[in-house]
């Protein structure tokens, strides 16, 4: 018999498979259409009877993530995308740990319906897992006069409020919630740690590969002006809300003229409310110090994010482009005497995009007294090494999706199951008890978990890079 659960808006009917009950496509907010377009989320309408929760809701509007990749959203799907999904090992249980996933995707891609986020295996470890959609691209992060910024982050908070109010009916403990996410989802988790509006909604966070990328209001306004001009409408709510989502998607990359503009025109906007700066900025003041934090990076973060460096790339210009002084190129060569300039390009970009932002988050949180654990995922996949995103299949235990095959090949390496099991045990143990299984990272002890087989605990492995960045940026 399919399980039925009572939520705050009405009853939902799910499915059961492999001992796990799954409920999909439950609204946590009203459809952001008409006057709700480009506005913060509002409560969903209630329903009578039993609502089938047997299929994922629509993805938020977005283009396909890469040429040849399947499109998660099509124009006919509309904007009714703000839904949650729950996997539970026992809807009749009480006080199971809860893990809430926030997807990444350059702030312009992503959906909880992507097959690599199926949480059946993860929930089998004895936790309730929640995934949800939040608005991406201009719908979620475009800046408009008179409209609150960071609607995507507001969506995330609304989903967490739904978890607080409803997860007990699925067997979960609303007082023991761990937010976990990768890339933009990792940055979201850290920003929410420090946001007053999210206070008390979760007690732990796992942030996998935290990027920098917050934008000032001025920068965000410039993006809006460029997009509005490309679309031929005024840069106002009236002008842009009158466009169908596909018209905005057609011009969303108009602000990206050069490599220095990055991979996305969107990101969190510094609104002095939810976002006060880069992900580590608020942590430096002690905000979120009562949230336990596991964070880390894959060792080769630039792989999988951008094109291979051109032959003969000038490292001095690369260093300057990522915010370092030109002299930093020589410092990288001294720190890594056995590497070619092409290899150093990957090291430098890996540091700039994720490894140093994640390090700054860990150091800031630890210095403020926040319980912190750091890791470096070094396991080498057969196609892209320890690339950005390779840890996601290990997190969910899903090795055969299209996404996983990009990193693992097909069939996956024989040691995938072993390392995935160890990683999932660490994550679920942390969610249950606050202990992932290795020593804390503190201002005086930089112990770092190295995720490989076998896992090992070492001193922080990127000290040379950290010193280069600390000295160059502060100079």
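The values are calculated or read from the model by the stated rules, or taken from the named source; none is laboratory data. The structure displayed is predicted, hence computed values, not measured ones. Cβ placement follows ideal geometry from the backbone for every residue including glycine, while neighbour counts extend to all protein chains displayed.
Laid out as a table, the results:
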item: Residue list for the range 162-176, filter: crowded, with 21+ Cβ neighbours inside 10 Å and over 15 Å from residue 122 (Cα atoms); result: 162, 163, 166, 167, 170, 171, 176
item: For residue 159: the one exception among (1) within 18 Å of residue 430 (Cβ to Cβ); (2) in contact with a strand residue (DSSP E or B) (Cβ under 9 Å, 6 or more places away or on another chain); result: (1)
item: Residue 59 vs. criteria more than 13 Å from residue 171 (Cα to Cα), buried (at least 22 other Cβ atoms within 10 Å of the Cβ) and under 17 Å from the mean Cα position of the chain (by Cα); result: no
item: Matching option when the condition is buried (at least 24 other Cβ atoms within 10 Å of the Cβ), at positive phi and part of a loop (DSSP other than H, G, I, E, B), among 110, 68, 105, 146; result: 110
item: Test set (1) surrounded by fewer than 19 Cβ atoms within 10 Å (Cβ to Cβ); (2) under 17 Å from residue 464 (Cα atoms) - residue 324 fails condition number; result: (1)
item: Filter result for residue 323 (in contact with a helix residue (DSSP H, G or I) (Cβ under 7 Å, 6 or more places away or on another chain), part of a loop (DSSP other than H, G, I, E, B) and at pLDDT 95 or above); result: no
item: Some residue of the range 20-33 being within 24 Å of the chain's Cα centre (by Cα), within 20 Å of residue 248 (Cα to Cα) and touching a residue at least 40 places away in the same chain (Cβ under 8 Å); result: yes
item: Helices (runs of 4 or more DSSP H) wholly inside the range 326-432 that include at least 1 residues being farther than 24 Å from residue 314 by Cα; result: 356-367, 391-396, 402-408
item: Yes/no for residue 75 being under 30 Å from residue 247 (Cα atoms), touching a helix residue (DSSP H, G or I) at 6+ places or on another chain (Cβ under 8 Å) and surrounded by fewer than 17 Cβ atoms within 10 Å (Cβ to Cβ); result: yes
item: Scope the range 91-140; condition in contact with a strand residue (DSSP E or B) (Cβ under 7 Å, 6 or more places away or on another chain) and free of Cβ contacts under 8 Å to residues at least 60 places away in the same chain; matching residues; result: 112, 128, 129, 130, 131
item: Residue, nearest to residue 210 (Cα to Cα), within the range 290-305, restricted to residues that are out of contact with any helix residue (DSSP H, G or I) (no Cβ under 7 Å at 6 or more places or on another chain) and in a loop (DSSP other than H, G, I, E, B); result: 299
item: Qualifying positions in the range 427-441 - surrounded by fewer than 21 Cβ atoms within 10 Å (Cβ to Cβ) and closer than 23 Å to residue 350 by Cβ; result: 438
item: The range 297-320, residues that are under 30 Å from residue 423 (Cα atoms) and modelled with pLDDT of 90 or more; result: 297, 298, 299, 300, 301, 302, 303
item: Selection within the range 442-465 - within 22 Å of the chain's Cα centre (by Cα) and surrounded by 19 or more Cβ atoms within 10 Å (Cβ to Cβ); result: 448, 449, 451
item: Lone unmet requirement of (1) closer than 18 Å to residue 471 by Cα; (2) surrounded by fewer than 20 Cβ atoms within 10 Å (Cβ to Cβ) for residue 306; result: (1)
item: Selection status of residue 86, surrounded by fewer than 17 Cβ atoms within 10 Å (Cβ to Cβ) and in a strand (DSSP E or B); result: no
item: Pairs, first within 27 Å of residue 105 (Cβ to Cβ) in the range 306-333, second at pLDDT 85 or above and surrounded by fewer than 16 Cβ atoms within 10 Å (Cβ to Cβ), C-beta under 6 Å, six or more apart; result: 309/342
item: Matching helices (runs of 4 or more DSSP H) fully within the range 177-268 where at least 3 residues are over 23 Å from residue 37 (Cα atoms) and touching a helix residue (DSSP H, G or I) at 6+ places or on another chain (Cβ under 7 Å); result: 184-194
item: The one condition in (1) surrounded by fewer than 24 Cβ atoms within 10 Å (Cβ to Cβ); (2) within 22 Å of the chain's Cα centre (by Cα) that residue 188 fails to fulfil; result: (1)
item: Among the candidates 60, 97, 45, 89, residue that is in contact with a helix residue (DSSP H, G or I) (Cβ under 9 Å, 6 or more places away or on another chain) and closer than 30 Å to residue 241 by Cβ; result: 60
item: Near pairs, Cβ below 6 angstrom, 6+ apart or cross-chain, from the range 171-189 (closer than 13 Å to residue 358 by Cβ) to any residue that is crowded, with 24+ Cβ neighbours inside 10 Å and at pLDDT below 95; result: 187/279
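Rundown of residues vs (1) in contact with a strand residue (DSSP E or B) (Cβ under 7 Å, 6 or more places away or on another chain); (2) modelled with pLDDT under 95, yes/no style:
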residue: 179; (1), (2): yes, no
residue: 186; (1), (2): yes, no
residue: 192; (1), (2): yes, no
residue: 197; (1), (2): no, no
residue: 202; (1), (2): yes, no
residue: 206; (1), (2): yes, no
residue: 210; (1), (2): yes, no
residue: 213; (1), (2): no, yes
